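Enquirer: Sharing a structure below in structure tokens format, with a few things to ask.
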Amino acid sequence: MIVDAGYYNDLLFSGGDDLQALEKALGRAERLIDLITCGKCGEFGSLPEEKRNQLKYAVCAQAEKYLTDGFDGGEIDCKVRIGDFSYESRDNGIIGGLSPTAAAALRLSGLLYMGTGVR
């Protein structure tokens, strides 16, 4: 993993008291961040230091979201109404559960894969 419990707690993210839950959250967060950055966690060692720091921060932010909100998929209901036409969809993809803080960190650092839609 690119982030450990000590690093997470050093950044003062909340919910890091339960080490077992934190490790689970960090592992799951890293997998999600790796998916939406097209494998940047796997390329971690070859990235510039600034990008590595942003990637680690995004993993921590996502882990905090899991620890505070739970490990649900983050489904989003979407309703669109234009005149008499209405449309409902349910987004249960990986992006629905992305932490806004993690998304912002990745977007600002250029690590967010451009083919990924974030709301």
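Enquirer: Would you kindly compute the Cα radius of gyration of the stretch 1-67 and its largest Cα-Cα separation (Dmax), both in Å?
Expert: Taking only Cα atoms of the stretch 1-67, I get Rg and Dmax of 11.1, 32 Å.
Enquirer: What's the FRET efficiency of ASP17 with ALA104 using the Cβ-Cβ distance as r and R₀ = 35 Å, to the nearest 0.05?
Expert: So the FRET efficiency works out to roughly 0.85.
Only the coordinates and a few stated rules stand behind these numbers; no lab work does. All figures in this text were calculated on a predicted structure; none of them were measured in a lab. Here Cβ is always computed from backbone atoms with ideal geometry, including for glycine, and neighbour counts include all displayed protein chains.
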